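Below: one structure, written as structure tokens.
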Amino acid sequence: MKHLPDACQMLGKWSSVFIPTLIYCISNQDEVWAIKDNSLSATLQLIWDAVYKGVPYAVTTDGPVIAVVNILQALQRLSEWCNSISTTTLIVFATFLCSQPDLETDEDHQQFSACLLIKSVFLYGTIKEDGSKHTEPFQSDLIMQVLVQHHCAISGALAIVPGFTTLGHMKGALALATSAAGISTISLYS
């Protein structure tokens, strides 16, 4: 932190606003697993301009802001964000399985998990047993509870970052939640 510009030290905005806004911006991108330095630099500049209005600073790929973001805080926080989604998914899914009164054995749990994987029914809010079309995609309790964890991670983030056009879509967060839910279902099935 000592290598960051003085503005970063003001009012704790770095940890309480800048980093959650970075997570929020990254979670709105299509690709959350491999972020290129150029893309990260541009995103960081937009966030800098929004968080530290009136404090001129140019984020460069070799400057202190991207160095601190890459090495210390942001990558750690982005990693914690991804890990918390995975952990939350496992807990929610295990709790869901335990709450099913007709699932008594490990084999019952495995068979039920296998059924959830058919046509990815674990993603739907309404699953119809008669084989008709499932409704409310990406609104299952599992996905919704995992997205609550995401919202906790972005608490304090700016809702609008001028120049960042994809905010509000949560494509990356939804992809992580869906992947984690699928992996949880598969891991308990295997």
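The values are calculated or read from the model by the stated rules, or taken from the named source; none is laboratory data. Note that the structure is predicted; figures quoted are calculated from it, not measured. Here Cβ is always computed from backbone atoms with ideal geometry, including for glycine, and neighbour counts include all displayed protein chains. Accessible surface is based on the protein model in full, side chains and every heavy atom, while ligands, DNA and RNA are left aside. Shrake-Rupley method; radii C 1.70, N 1.55, O 1.52, S 1.80 Å.
In region 135-157, is there at least one residue being assigned to a loop (DSSP other than H, G, I, E, B), in contact (Cβ under 8 Å) with a residue 40 or more places away in the chain and loosely packed, with under 12 Cβ neighbours inside 10 Å?
As a first pass, look at region 135-157 and keep what is assigned to a loop (DSSP other than H, G, I, E, B): 138-140, 154-157.
Now narrow it down to the ones that are in contact (Cβ under 8 Å) with a residue 40 or more places away in the chain: 138, 140, 154-157.
Of the ones still in play, those that are also loosely packed, with under 12 Cβ neighbours inside 10 Å are 155.
Yes, that holds for at least one residue.
So, in region 96-134, how many residues would count as being part of a loop (DSSP other than H, G, I, E, B) and either open to solvent by less than 80 Å² (accessible area, probe 1.4 Å) or at pLDDT below 80 (or both)? Write out each step before concluding.
Of region 96-134, the ones part of a loop (DSSP other than H, G, I, E, B) are 99-105, 127-134.
The next check asks that each one be either open to solvent by less than 80 Å² (accessible area, probe 1.4 Å) or at pLDDT below 80 (or both); those that pass are 99-100, 103, 105, 127-134.
Here the count works out to 12.
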- Query: Looking at (1) open to solvent by less than 90 Å² (accessible area, probe 1.4 Å); (2) in a loop (DSSP other than H, G, I, E, B); (3) in contact with a strand residue (DSSP E or B) (Cβ under 8 Å, 6 or more places away or on another chain), which is the only condition Gly163 fails?
  - Reply: (3)
- Item | Tally of residues being at pLDDT below 85, assigned to a helix (DSSP H, G or I) and open to solvent by 10 Å² or more (accessible area, probe 1.4 Å) across region 14-39 | 4
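Determine whether Phe93 is surrounded by 18 or more Cβ atoms within 10 Å (Cβ to Cβ) and assigned to a helix (DSSP H, G or I). Steps first, please.
Values: surrounded by 18 or more Cβ atoms within 10 Å (Cβ to Cβ): yes; assigned to a helix (DSSP H, G or I): yes.
Against the criterion (surrounded by 18 or more Cβ atoms within 10 Å (Cβ to Cβ) and assigned to a helix (DSSP H, G or I)), Phe93 qualifies.
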